[in-house]
1. Consider segment 50-78. How many of its residues are within 16 Å of the chain's Cα centre (by Cα), surrounded by fewer than 21 Cβ atoms within 10 Å (Cβ to Cβ) and not in a helix (DSSP H, G or I)?
2. Looking at segment 22-49, which of the residues that are away from ligand 2 (no atom under 16 Å from the Cβ) and assigned to a strand (DSSP E or B) is surrounded by the most Cβ atoms within 10 Å (Cβ to Cβ)?
3. Pairs needed: first member in segment 74-94, of a type in the set (Asp, Glu); second member anywhere, part of a helix (DSSP H, G or I) and away from ligand 1 (no atom under 15 Å from the Cβ); C-beta distance under 8 Å; at least 6 residues apart or different chains.
4. Among (1) among the hydroxyl-bearing types (Ser, Thr, Tyr); (2) within 16 Å of ligand 2 (Cβ to nearest atom); (3) over 21 Å from Cys195 (Cβ atoms), where does Thr19 come up short?
5. Identify, please: which residue in segment 161-170 is within 16 Å of ligand 1 (Cβ to nearest atom) and part of a loop (DSSP other than H, G, I, E, B) and is, among those, nearest to Gly222 (Cα to Cα)?
6. Criterion first (within 19 Å of the chain's Cα centre (by Cα), within 16 Å of ligand 2 (Cβ to nearest atom) and in contact (Cβ under 8 Å) with a residue 24 or more places away in the chain) does Phe221 satisfy it?
7. Can you name every residue in segment 182-211 that is out of contact with any Gly (no Cβ under 9 Å at 6 or more places or on another chain), of a type in the set (A, V, I, L, M, F, W, C) and more than 16 Å from ligand 1 (Cβ to nearest atom)?
8. If I go through segment 185-213 residue by residue, how many of them are more than 25 Å from Ala17 (Cα to Cα), in a loop (DSSP other than H, G, I, E, B) and within 16 Å of ligand 2 (Cβ to nearest atom)?
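Values quoted throughout were computed directly from the atomic coordinates according to the rules given, and no laboratory measurement underlies them. Here the structure is a predicted model, which is why all the values come from computation and not from measurement. Cβ atoms come from the backbone with ideal geometry, glycine included; neighbour counts cover every protein chain shown.
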Amino acid sequence: MPCILQMTDLHLMSDPAGTLKDVCTRAEVERVIAYIREGVDAGRWSFDQIVVTGDLAHDEQRETYDVLRELLGDWLPKCKLLLGNHDNRPFVREAFPDLASDEPDFFTFSCRVGNWRLIGLDSHIPGEVEGLLGERQLLWLTEELRSHVGQPTVLFLHHPPFEVGSAWVDALGLRDAQSLLQVVAGVPQVKAICCGHVHQDREKRIGDLQLLTTPSVVIQFGVDSPEFSLDFIPPGFRILDLDGNVFRSEVVRLPE
Ligand SMILES: [Fe+2]
Ligand SMILES: [Fe+2]
């Protein structure tokens, strides 16, 4: 049964001591990766694919992506990366030429894992916090779904296409969320859309389609909060088990 690891919102900085809301992001990412590696070594998990859904870097520094490369280490061949609002597309392309898509304007992926298809979308708009896929990318997605018709599929992107109930962050969401949902409406092979950006574990169901957001591996935002707030709970990640036509998913948090 294929098993996927989703990590999101690393907010790495070139300065190893760099902090975000008083949390050293480099140390947190290292702690989470060490915890996952321990679990893999102990036989608790085995991942066929690792998807990192954006806000890879926080400081828009080219060398921060080299830090990420080093942290991912021997995981790289099974990694797929996506951009968040804090990222820099040319820098990501430069640091990860092996993971870049052919399309120069987007950093997307489409791959097969077992009998499943994983598709990654690029919602980054340079200089903006909000996200956008745009018509051209949605056309690409439509074609990708059509050419793998009937193959159970999970979509990944940084900005969630649904409101999570926190007004401040919902105002910074995916501008063309409705267009994305229209593309996948009536395409029952799309089972789930997994996102980051909101630094919290939320979900919404539309018919058989599961929409999910995953905690950050560094800091957590308050849930159902009209204004920006932090939640002081441990960081986490998501595991997706893909079984036949059905997927199971759980958020794992580090111990307190
Ligand atoms: Fe983030
Ligand atoms: Fe974000």
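1. Adding up the residues that qualify gives 1.
2. Top of the filtered list is Gln49.
3. Glu94/Arg62; Glu94/Tyr65
4. Evaluating Thr19 over (1) among the hydroxyl-bearing types (Ser, Thr, Tyr); (2) within 16 Å of ligand 2 (Cβ to nearest atom); (3) over 21 Å from Cys195 (Cβ atoms) leaves (2) as the failure.
5. Here the residue is Ser166.
6. When the stated conditions are applied, Phe221 passes them.
7. Residues satisfying the conditions are Val183, Val184, Val187, Val190, Ala192, Ile193, Ile206, Leu209, Leu211.
8. Within segment 185-213, residues that are more than 25 Å from Ala17 (Cα to Cα), in a loop (DSSP other than H, G, I, E, B) and within 16 Å of ligand 2 (Cβ to nearest atom) number 1.
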